[in-house]
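Peer 1: Quick one: the structure is below, and I'll ask about it shortly.
The values are calculated or read from the model by the stated rules, or taken from the named source; none is laboratory data. Values in this document were obtained by computation on a predicted structure and should not be read as measured data. Neighbour counts are summed over all protein chains in view; Cβ atoms, including those assigned to glycine, are modelled from backbone coordinates with ideal geometry. Note: accessible area is taken over every heavy atom of the protein model, side chains too, but ligands, DNA and RNA are not part of it. Shrake-Rupley method; radii C 1.70, N 1.55, O 1.52, S 1.80 Å.
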Amino acid sequence: MMDSSHPYSALTPDCALDALDSTGLRTDGRLLALNSYENRVYQMGVEDAQPVVVKFYRPGRWRDDAILEEHAYTQDLAEREIPVVAPLRLNGATLHLHAGFRFAVYPKQGGRMPEFDRADALERMGRFLGRIHAVGATADFAHRPVLDLETFGYASRDFLQQGRWLPADLVAAWDSVVEHALASVAHCYARAGAVRTIRLHGDCHAGNVLWTDTGPHFVDFDDSRMGPAVQDLWMLLSGEREEQQAQMNAILTGYEDFMEFDPRELHLVEALRTLRLIHYAAWLARRWDDPAFPAAFPWFNTQQYWQARILELLEQIALMDEPPLVA
């Protein structure tokens, strides 16, 4: 049972269905919880129409203007026939309120997991990301943060230290390796120089891409923010250095059909990966009061978890000392 002190405790199935009804769409009572932890997301049946996907935003995370800024960006992309799943405009609005919960309604988009081990799939991904970034570069977000060393690195480090999440016998080792890792990230940024920041998807991993016969469809821009273009590219990479080099070549072959890529940003690949690792640990800690998190991530905050993260960061420090991939 949901802890009554948690903000989502009042979001019962009936409440969720009533929320969709409040937009004028009539639910048929079908409700399926989808795999989401930051927000609560449901597929809901609609009378005499296709099912829709309803996202209930985590209370207190984004202000309304930040959510609406993301909606405007995705709608702009969709209007340009770029395959992103944008919120529906119902009764003249994309952001709705019911029983204290803000929510948005999306069309259901089918698809399968992309096969990023195929060069042709990566080239197509690059082509669409180039189109997304070409639009993203035309304006800046005014209400969404920048992905950088401060927001993902120092802020995450400070939260974990102040909350005393580490086992006492690992505190010294963790503090040392995090400081070393963040210093290495800073050196990577220094080597890259003053790279441009643009509006990004922000969390462009395989789980946020649905593949159909027509190619990729990009979903969940909830983490959209300002940052270097390579942030949306590096998460498509996997394997050893030689494999990642070939994958990046395939991505950039498609990408540069629509958007010029600054090769200096390749200095940031391992730095951004390092920031994501630290930020992810802090994200789990920040959400630990949500009962869904201990149930879904029982391995978090164990001795073994933090030992593994220390080793992972040591590996990242070594990788950040290596020459970057080449464009």
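Peer 1: Assuming a ≥ b ≥ c are the square roots of the Cα gyration tensor eigenvalues, decide whether the range 233-297 counts as rounded (a/c under 1.5), prolate (otherwise, with a/b larger than b/c) or oblate. Mind showing how you got there, number by number?
Peer 2: Values: a/c = 2.70, a/b = 2.56, b/c = 1.06.
Prolate is the answer for the range 233-297, as a/c is 1.5 or above and a/b outweighs b/c.
Peer 1: Considering Cα pairs under 8 angstrom that are at least six residues apart, work out the relative contact order of the range 135-263 and quote it in whole percent. All intermediate terms of the calculation are to be shown ahead of the outcome.
Peer 2: On the way: 105 pairs, mean separation 34.6, N = 129.
About 27 percent, as a whole number.
Peer 1: Continuing with the same structure: Classify the range 142-242 as rounded, prolate or oblate from the Cα gyration tensor: take a ≥ b ≥ c as the square roots of its eigenvalues, call it rounded if a/c is under 1.5, otherwise prolate when a/b beats b/c and oblate if not.
Peer 2: Details: a/c = 1.83, a/b = 1.69, b/c = 1.08.
In terms of gyration-tensor shape, prolate.
Peer 1: On full extension of the chain, what length is gained from Gln109 through Glu256, given 0.36 nm per residue of separation minus the C-alpha to C-alpha distance? Don't skip to the end; give the middle numbers.
Peer 2: Details: separation 147, 0.36 × 147 = 52.92 nm, distance 2.73 nm.
Here the answer is 50.2 nm.
Peer 1: A further question on this structure: Computed over the Cα atoms of the range 14-65, what is the ratio Rg over Rh, Rh following Kirkwood? Write down the numbers at each step before the final one.
Peer 2: Numbers: Rg = 11.7 Å, Rh = 11.7 Å.
Dividing the radius of gyration by the Kirkwood radius yields 1.00.
Peer 1: While we're here: Positive end of the dipole of the range 252-298, charges at C-beta (+1 Lys, Arg; -1 Asp, Glu), about the Cα centre: which of Phe293, Ala271, Trp283 has its Cα farthest in that direction?
Peer 2: Comparing the listed Cα positions along the dipole, Phe293 ranks first.
Peer 1: Round to a whole number: what % of the accessible area of the chain belongs to carbon and sulfur, probe 1.4 Å? Don't jump to the answer; show the numbers that get you there.
Peer 2: Numbers: 7780 of 15010 Å².
Result for the chain: 52 percent of the exposed heavy-atom area is carbon or sulfur.
Peer 1: What whole-number value in cubic angstrom gives the convex hull volume per residue for the C-alpha atoms of the range 1-101?
Peer 2: Values: hull volume 11.8 nm³, N = 101.
Given the Cα convex hull of the range 1-101, per-residue volume reads 117 Å³.
Peer 1: How large is the dipole of the chain about the Cα centre if only Lys and Arg carry +1 and Asp and Glu carry -1, each at its Cβ, rounded to the nearest 20 debye?
Peer 2: 520
Peer 1: Compute the relative contact order of the range 1-145 as a whole-number percentage, counting only Cα pairs closer than 8 Å that sit 6 or more residues apart in sequence.
Peer 2: On the way: 171 pairs, mean separation 27.5, N = 145.
Dividing the mean separation by the residue count of the range 1-145 yields 19 percent.
Peer 1: Which value at 222 nm does the chain reach when only helices count, each DSSP H run of 4 or more adding -39,500 (n - 2.57), with the total divided by all residues and rounded to the nearest 500 deg cm²/dmol? Don't skip to the answer; put the middle values down first.
Peer 2: Working: 10 runs with 134 residues, N = 327.
Roughly -13000 deg cm²/dmol at 222 nm, from the helical runs in the chain.
Peer 1: Further question on the same structure: So, in nm, how far is label Arg63 from label His6 when the simple model puts each one 7 Å beyond its Cα toward the Cβ?
Peer 2: So the two model labels end up 2.8 nm from each other.
Peer 1: Now, a different point. Each label point is 7 Å from the Cα along the Cα-to-Cβ direction; what then is the distance between the points at Leu32 and Asn91, in nm?
Peer 2: It works out to 2.7 nm between the two label points.
Peer 1: Also: Can you tell which of Gly24, Leu129, His143 lies farthest toward the positive end of the dipole of the chain, using +1 and -1 charges on the Cβ of basic and acidic side chains (Lys, Arg; Asp, Glu)?
Peer 2: Towards the positive end, the residue furthest out is Gly24.
Peer 1: Still on this structure, please answer the following. Rounded to the nearest 0.05, what FRET efficiency do Arg118 and Arg196 give with R0 = 35 Å and r taken as the Cβ-Cβ distance? Could you check?
Peer 2: Working: r = 30 Å, r/R0 = 0.84.
So the FRET efficiency works out to roughly 0.75.
Peer 1: Something else about it: List the residues of the range 165-183 whose backbone N lies under 19 Å from a point placed 7 Å from the Cα of Gln304 along the Cα-to-Cβ direction.
Peer 2: 166-170, by backbone N distance to the label point.
Peer 1: Could you state the number of Å between the C-alpha centres of the range 89-146 and the range 1-56?
Peer 2: 20
Peer 1: Shifting gears a bit: Using Stokes-Einstein with the Kirkwood hydrodynamic radius over Cα pairs, what translational diffusion coefficient do you get for the range 213-259 at 37 °C and a viscosity of 0.692 mPa s, in µm²/s rounded to a whole number? Show your work: numbers first, answer last.
Peer 2: Numbers: Rh = 12.5 Å.
It diffuses with D of about 264 µm²/s by this estimate.
Peer 1: So what does Asp117 come to for accessible area, using a 1.4 Å probe and Å² rounded to 10?
Peer 2: Rounded to the nearest 10, the figure is 130 Å².
Peer 1: Return one whole number: the accessible area per residue of the range 1-115 in Å², for a 1.4 Å probe. Walk me through the numbers before you get to the answer.
Peer 2: Details: 5840 Å² over 115 residues.
Roughly 51 Å² per residue, with all protein chains present.
Peer 1: Going through the range 231-263, which GluC sites (Glu not before Pro) have at most 14 other Cβ atoms within 10 Å and a DSSP loop state? Don't skip to the end; give the middle numbers.
Peer 2: Details: sites: Glu240, Glu242, Glu243, Glu256, Glu260; in loops: Glu240, Glu256, Glu260.
Here the GluC sites (Glu not before Pro) that fit, given the DSSP loop and packing criteria, are Glu240, Glu256, Glu260.
Peer 1: Quote the accessible area belonging to Arg102 in square angstrom, nearest 10, computed with a 1.4 Å probe and with ligands, DNA and RNA left uncounted.
Peer 2: Using a 1.4 Å probe on the heavy atoms, I get roughly 40 Å².
Peer 1: Give me the Kirkwood hydrodynamic radius of the range 170-217, using the inverse of the mean 1/r over all pairs of distinct Cα atoms, in Å to one decimal. All intermediate terms of the calculation are to be shown ahead of the outcome.
Peer 2: Details: mean 1/r = 0.0691 Å⁻¹.
One over the average 1/r among Cα pairs gives 14.5 Å for the range 170-217.
Peer 1: Additional query: In whole Å, largest first, what are the principal axis extents of the Cα atoms in the chain?
Peer 2: Largest to smallest, the principal-axis extents are 57, 51, 34 Å.
Peer 1: At a 1.4 Å probe radius, which order do Tyr106, Tyr280 fall into by accessible area, largest first?
Peer 2: Numbers: Tyr106 20, Tyr280 90 Å².
Sorted descending by solvent-accessible area, the residues read Tyr280, Tyr106.
Peer 1: Measuring from label point to label point, each 7 Å out along Cα→Cβ, what is the Gln50 to Leu314 span in nm?
Peer 2: So the two model labels end up 5.1 nm from each other.
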